[in-house]
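First comes the structure, then the notes that go with it.
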Amino acid sequence: MAETTVQDSKGLLGRMIASRQLSSADAELLARVNPLAQSEEEILRWLAAEYGLGYTTLEDVEPDRQLLSLFPARILLKEELLPLQRVNGHVEVATSRLFATQGLDALKTLTGLNLKPILASTEAIQREIKKRLGVGADTIGTLDEEKGIQVLDENAEGNNLDEGAEDEASIIRFVNQVLKDAIELRASDVHLEPFEDEFRIRYRIDGELQEVPVPPQLKRFQPAIVSRVKILSHLNIAEKRLPQDGRIKVRIEDAEVDIRVSVIPMLHGEAVVMRLLRQNSTLRGLGQIGMNTREFEHFKHVLGLPHGIILVTGPTGSGKTSTLYTALNEINDAVRKIITVEDPVEYQLKGVNQIQVNEKSGLTFARGLRSILRHDPDVILIGEIRDAETAQIAVQASLTGHLVFSTLHTNDAPGALTRLVDMGVEPYLVASSLEAVLAQRLVRVLCPHCKQPDASTNAQHFKARLGIAADKVIYKSVGCRECRNTGFFGRHAIFEWMDSSEEIRQLILKSASTDQIRAAARRDGMTSLADDGWRLVAAGITTVEEVLSVTTAKEVERSEKNSSGPSVASIAVAG
């Protein structure tokens, strides 16, 4: 049994032998004395005990920066070694490859220091090296070969990010590394920002911008990095005075990512923002998007309607398109023809006809919508209603027997009705065509690895104010390595569902205000975004502060108008 395990090159032991983390003899011994070892960490801990070495997770260790500067970054990066501290005349160096001694030997020769290996996991060492030396330090500082991301562009002669002149290799690999790092960290956007004395890189993860450590010498490579991004995006590298937009399509491992690139001249150079759209993301089912029972049942009902408009509203990045794709996926079958007009096409849905808007060539939402009505669709998805012409055509399409889905930028569900009227759509057309409006926001989900019960006085006030049972536990964010010390990992939607009841239709015909429409919707059972947020707080999914950060003061006031005592917002501020 042990022999089979050792010889299995695809198994954990086989991989660790190949990377010289483990010897064959140790693997055979381990398989006999501890056959249940399942992870790299368990095996490294066993090795440390076997050879009398230390083991560290690197979580509570703060590497000495002055000590770090004594060692060549090129060797540290290549051999994955991290000097930690001086102890009794020797320097402790974290490594995961106990039997790959060439790196330690090279450091001893170059520095003349006495080195002692301390075992740590590969992931922990890579994380700390990236934090100390900066993302892409190996590509800026060295020309070491590294597998690139394949660029999926049938019109380009080359198809690999690493193709280019030898003297540009480090820049090519740096951009490569930034993109891979962003994709692995689930970033939605990458920001490259020039300032007077630094070139800052930030990733937007779970809706929050997080600064990325970069090598200190990165500023002098700023023009070359921006030029590399422009080349990949098929933009004019000589034009540095005007904004430019382009796109890159890449594949990393099994993931296809469409990258929308925007370059804008700033005071100290050109800034770049890249929006990452994962093409082969797995869509969740309608029952998995986290709706409350009422909203879920109403949503399922409108999906079965033969015609009408269903709008999803919210700010940019609130998950509107993902919700609509989930809805389309639910009704996508052989008897319906579904056509979408989008900018950009974020997901590719099998069996759905999808049109990419191209403003430069004249293919706008309105023009695309007029054309697809001649293709006999049953269901139409309009990426966004941006102007009066698109709004008019969408209404006419719904009145001529089509089920129309679209998005709109409003603060809440009732505001969508008045927005359509403001766009120039006649109130009687809005009243007769609009079936439902779904407003949504995204709140960050507490990290399951580090969240802790909140037993503070403020937490008790929150529960009393929100009507949460006293024995219910609400949680606070803490922060750990799994969530990059943010306390959150992933996001969850909160919803506000409004049906077009007869009372609401009459109010639209009378050109009633948003507040009047909202009051009618509340009487009809609509819960506000804040109300839905408190549901997630009570379920231990998010925090009160997180709900407050994505809802307006008016929404919070409306959700607690029947309560007494200090408001939730005032409690949060006091806390």
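The values are calculated or read from the model by the stated rules, or taken from the named source; none is laboratory data. Quick caveat: nothing in here was measured; it's all calculated off a predicted structure. Glycine also receives a Cβ, built like all others from the backbone with ideal geometry; neighbour counts cover every protein chain displayed. We work out accessible area using only protein heavy atoms, side chains counted, and drop any ligands, DNA or RNA first. Shrake-Rupley method; radii C 1.70, N 1.55, O 1.52, S 1.80 Å.
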Residue among T101, V341, V87 farthest towards the positive dipole end of the chain, charges placed on Cβ: V341
Ignoring the sites themselves, what is the longest stretch of the chain with no GluC sites (Glu not before Pro) in a DSSP loop and at most 16 other beta-carbon atoms within 10 Å? 360-575
Considering the values (1) 1.16; (2) 0.97; (3) 1.03, which represents Rg/Rh (Cα atoms, Kirkwood Rh) as calculated for the structure under consideration? (3)
When only DSSP loop residues count, what trypsin sites (Lys or Arg not before Pro) in the stretch 389-465 have their Cβ near at most 14 other Cβ atoms within 10 Å? none
May I ask which residue of T400, N332, L110 lies farthest towards the positive end of the charge dipole of the chain, with charges of +1 (Lys, Arg) and -1 (Asp, Glu) on Cβ and the Cα centre as origin? T400
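With +1 assigned to the C-beta of every Lys and Arg and -1 to the C-beta of every Asp and Glu, and no other charges, what is the dipole magnitude of the chain about the Cα centre in debye, to the nearest 20?
Rounded to the nearest 20 debye, it is 740 debye.
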Within the chain, longest stretch free of exposed chymotrypsin sites (Phe, Trp or Tyr not before Pro) [DSSP loop, at most 15 other beta carbons within 10 Å]: 196-575
In whole Hz and in residue order, list the ³J(HN,Hα) couplings for the stretch 242-254 that follow from phi through the Karplus curve 6.51 cos²θ - 1.76 cosθ + 1.60, θ = phi - 60°; x for Gly and Pro. 10, x, 9, 10, x, 8, 10, 10, 10, 10, 10, 6, 9
Could you list the trypsin sites (Lys or Arg not before Pro) in the stretch 235-279 that lie in coil according to DSSP, counting only those with at most 15 other Cβ atoms within 10 Å of their Cβ? K240, R241
Dipole of the chain, positive end: most advanced residue of Q244, I289, I508 [Cβ charges, Cα centre]: I508
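Greater than 29 Å separation of Cα atoms is the criterion. Which listed pairs, K130/K249; K116/K219; K249/K451; K300/K350; K337/K510, meet it?
Cα-Cα > 29 Å for K116/K219; K249/K451; K337/K510; rest within.
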Quickly estimate the mean residue ellipticity at 222 nm for the chain, helices only: each DSSP H run with n ≥ 4 gives -39500 (n - 2.57), and the total goes over all residues, rounded to 500. -10500 deg cm²/dmol
For the stretch 322-423, what is the accessible area per residue in Å² when the probe is 1.4 Å? 43
Give the distance, in whole Å, between the Cα centre of the stretch 434-472 and the Cα centre of the stretch 211-257. 40
Length gain on complete extension for the stretch Q288 to Q217, per 0.36 nm per residue less the alpha carbon to alpha carbon distance? 21.0 nm
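Find how much the distance from Q279 to V335 grows on full extension, using 0.36 nm per residue of separation minus their present alpha carbon separation; answer in nm with one decimal. It would help to have the intermediate numbers written out before the result.
On the way: separation 56, 0.36 × 56 = 20.16 nm, distance 2.54 nm.
Full-extension gain reported as 17.6 nm.
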Compute the acute angle (0 to 90°) between the alpha-carbon long axis of helix 457-466 and the principal axis of greatest extent of the alpha-carbon atoms of the chain; round to the nearest 10°. 30
Which of the trypsin sites (Lys or Arg not before Pro) found in the stretch 504-546 are in a DSSP loop and have at most 14 neighbouring Cβ atoms, other than their own, within 10 Å? K510
Carbon and sulfur %, accessible surface of the stretch 377-419 computed with the full protein complex present, 1.4 Å: 44
